[in-house]
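Here's the structure, in structure tokens; my notes come after.
The values are calculated or read from the model by the stated rules, or taken from the named source; none is laboratory data. Small disclaimer: the values here were computed from a predicted structure and weren't measured. Here Cβ is always computed from backbone atoms with ideal geometry, including for glycine, and neighbour counts include all displayed protein chains.
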């Protein structure tokens, strides 16, 4: 029996279709995790929200932990892209401070915050999710450390690695704290908070090593 090989165009179409289905599942899972929590969100609920059968879900993801891994990977990819763009800027420091405002608005989005907090909460109970979250965090810290190192060297600082690590932790704490604040105080003035954080980052970058 003869089989016909796919043309490059057909292969590209299939790959694009698979990526769209995968994203459809991730979007549905994110909604279910926000609304029901990790344990309360079943594959059956995710499949219903995605508008496809559970079998389709399992075709792309082995389990819910694999779905979380994909969600975390997407966030990590976004941060890696951002830091690469910052380091390519003519003025890395100015670019970081400018883009920090966008980061504040992203972190203060209650929908996004609810999902991120649910993933972190599950990481506190589930060793596999903890590993996923911690590996992504380590990658984020490395990229931020590289970016901050570029900025510090451009202003004549010669910092030991530990000093850069401390700056990264402070920066991460600033942004991750926003997830809690937007839940606890939804009336936060996003623009005022963004301006204050930009000032805080500018001051942080001037601190002695």
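Please find, among 149, 156, the residue that is modelled with pLDDT under 95, closer than 18 Å to residue 91 by Cα and assigned by TED's automatic domain parsing to the domain that holds residue 92.
Details: 149 fails: modelled with pLDDT under 95.
Sole residue among the options that is modelled with pLDDT under 95, closer than 18 Å to residue 91 by Cα and assigned by TED's automatic domain parsing to the domain that holds residue 92: 156.
Filter segment 140-160 for residues that are touching a residue at least 12 places away in the same chain (Cβ under 8 Å) and closer than 20 Å to residue 176 by Cα and give the result. Once the filter is applied, which keeps residues that are touching a residue at least 12 places away in the same chain (Cβ under 8 Å) and closer than 20 Å to residue 176 by Cα, segment 140-160 yields 140, 141, 143, 144, 145, 146, 147, 148.
Mind telling me which of the residues 115, 96 ends up being in a helix (DSSP H, G or I), in the same structural domain as residue 201 (by TED's automatic domain parsing) and more than 25 Å from residue 40 (Cβ to Cβ)?
Residue meeting the stated conditions: 96.
Identify, from the list 130, 172, 138, 101, the residue that is modelled with pLDDT of 95 or more, in a helix (DSSP H, G or I) and within 19 Å of residue 207 (Cα to Cα). It would help to see each step written out before you state the result.
Values: 130 fails: within 19 Å of residue 207 (Cα to Cα); 138 fails: within 19 Å of residue 207 (Cα to Cα); 101 fails: within 19 Å of residue 207 (Cα to Cα).
None of the others qualify; the one that does is 172.
Residues that are modelled with pLDDT under 95 and either more than 14 Å from residue 100 (Cβ to Cβ) or outside any helix (DSSP H, G or I) (or both) are absent from segment 189-200 altogether.
When residue 137 is tested against (1) farther than 20 Å from residue 77 by Cβ; (2) out of contact with any helix residue (DSSP H, G or I) (no Cβ under 6 Å at 6 or more places or on another chain); (3) surrounded by 14 or more Cβ atoms within 10 Å (Cβ to Cβ), just one condition goes unmet, and that condition is (1). Annotation: residue 77 fulfils all but one of (1) under 23 Å from the mean Cα position of the chain (by Cα); (2) modelled with pLDDT under 95; (3) surrounded by fewer than 15 Cβ atoms within 10 Å (Cβ to Cβ); the unmet one is (2). Going by the conditions given, is residue 30 modelled with pLDDT of 95 or more and either farther than 28 Å from residue 109 by Cβ or surrounded by 12 or more Cβ atoms within 10 Å (Cβ to Cβ) (or both)? Yes, satisfied. Of the helices (runs of 4 or more DSSP H) lying entirely inside segment 1-92, those containing at least 2 residues that are closer than 30 Å to residue 171 by Cα and touching a residue at least 60 places away in the same chain (Cβ under 8 Å) are 8-40, 64-87.
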